[in-house]
Amino acid sequence: HSPFQPERTSLVPIAKKYPLHELMAAARRYVTRTGRKITFEYTVVPGRNDRPEDARELARLVHGLQALVNVIPLNPTEGLPTGMKSIPSGLLPAAERFTDALTTLGVEAALRRSRGDEIAGACGQLRRRSLG
C-alpha cells in the first residue's frame with residue numbers, strides 16, 4: 001500500500017516480514033516463469049500514500065512488468081490504520097486521482113469500486129468488527 005518500505009510498514013505492519021524489494025523480485029519471477037499478468041492491490045489512504053511521488057515510484061516499481069494495479073479507496077471503519085488520528089474525507093476522489101496519475105504514467109490501473117460498505121461488509125470492515 002506504498003511504494004516506499006517505511007510507509008508501507010507503517011500502514012501494514014506485516015510488510016516487515018515481506019520487504020518490498022523481495023515482493024517485487026518474486027513478482028518479476030512469477031511473471032517471467034508463467035507469462036501471466038500479476039495484479040497489485042493498492043488501498044489509497046488520503047494524505048498517506050496518494051501523493052504524486054507515490055504514483056511515480058509505484059510506476060517505476062511496476063515498469064516493464066506485465067501488471068495491473070487495482071486502486072482501492074479506503075473503506076471507513078471503526079479502527080484506523082497505524083498512525084491515523086481520523087478517517088480522511090474524500091476517500092473516493094483521492095483514489096480516482098491516484099488511478100488517473102498512474103494511468104498518465106503508463107501504468108495499467110483500474111479503480112475498484114467498493115461494495116458492501118453500507119452494511120459494514122466491505123474489505124477490512126468485517127475483520128475490524130470481529131476484532132472489536
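The values are calculated or read from the model by the stated rules, or taken from the named source; none is laboratory data. In this text the structure is predicted, and so the values were computed from the model without any measurement. Glycine gets a Cβ as well: all are built from the backbone with ideal geometry, and neighbour counts include every protein chain shown. Accessible surface is based on the protein model in full, side chains and every heavy atom, while ligands, DNA and RNA are left aside. Shrake-Rupley method; radii C 1.70, N 1.55, O 1.52, S 1.80 Å.
Figures for the structure shown
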| item | result |
| --- | --- |
| Label point distance in nm, Leu92-Gln66, each placed 7 Å from Cα along Cα→Cβ | 3.4 |
| Arg112 - accessible surface, heavy atoms, 1.4 Å probe, Å² rounded to 10 | 90 |
| Ala26-Gln5 FRET efficiency (beta carbon distance; Förster radius 22 Å; 0.05 resolution) | 0.90 |
